[in-house]
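Asker: Could you have a look at this structure, given as structure tokens, before my questions?
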Amino acid sequence: MTAPTPIHTKTPPANEQEMQERYAVMDKAIRQTGLQIDELESALGMYMVGFHFGWKVLHVIHSKKTIAKYEGILGIKVREAFPEYGPDADRTNAFKLIKSVSSFWKLVSGDERPPIQLDKRTIQD
């Protein structure tokens, strides 16, 4: 695997209020007990990238069960916390897959296969 290349993203930096709100969500999740640390870490990662890529991209790369688990850990609903498509969504193969099908929900449920074959987890320039 090659080293990631830093690029200029379209997602603006969070303002002071957004930073405080995001920190509060993360801090509350971290202070819970009875969690597996790897699941907590993954939920926090999903939370951070959700602002960049949006909830539809998250639904393509994660199963419904995983989304529900992470929502429980974070105390959020991804469709309320993130935009449908974040400013950097178009950098993802998941976005390209979404745009290639007739129905987003059919793609997510597996009822429709995309006409293009891409690794849904990859981020492009």
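Asker: In segment 9-27, which residues are more than 19 Å from the chain's Cα centre (by Cα) and either surrounded by 12 or more Cβ atoms within 10 Å (Cβ to Cβ) or assigned to a loop (DSSP other than H, G, I, E, B) (or both)?
Answerer: Asn15
Asker: When the residues of segment 35-63 are filtered to those that are without any contact (Cβ under 8 Å) to a residue 24 or more places away in the chain and among the small types (Gly, Ala, Ser), which remaining residue is farthest from Pro83 (Cα to Cα)?
Answerer: Going through the qualifying residues, I end up with Ser63.
Asker: Enumerate the pairs (first residue in segment 101-125 and within 15 Å of Lys64 (Cα to Cα); second residue anywhere and assigned to a loop (DSSP other than H, G, I, E, B) and β-branched (Val, Ile, Thr)) with beta-carbon separation below 8 Å, excluding pairs fewer than 6 apart on the same chain, so at least 6 apart or on different chains.
Answerer: That search, which allows pairs on different chains as well, returns Leu107/Val101.
Asker: Restricting to segment 79-97, count the residues that are without any contact (Cβ under 8 Å) to a residue 12 or more places away in the chain and of a type in the set (Lys, Arg).
Answerer: Of the residues in segment 79-97, 0 are without any contact (Cβ under 8 Å) to a residue 12 or more places away in the chain and of a type in the set (Lys, Arg).
Asker: Mind checking which residues of segment 64-78 are in contact (Cβ under 8 Å) with a residue 24 or more places away in the chain, touching a helix residue (DSSP H, G or I) at 6+ places or on another chain (Cβ under 7 Å) and either outside any helix (DSSP H, G or I) or surrounded by fewer than 15 Cβ atoms within 10 Å (Cβ to Cβ) (or both)?
Answerer: Gly75, Ile76
Asker: Pull up segment 86-110, narrow it to residues that are under 13 Å from the mean Cα position of the chain (by Cα) and not in a helix (DSSP H, G or I), then point me to the one that is surrounded by the fewest Cβ atoms within 10 Å (Cβ to Cβ).
Answerer: In this case the residue turns out to be Pro87.
Read-outs: derived from the displayed coordinates by stated rules, not from any lab. Remember, predicted model here, so these are calculated numbers, not experimental data. We place every Cβ from the backbone using ideal geometry, glycine too, and count neighbours over all the protein chains shown.
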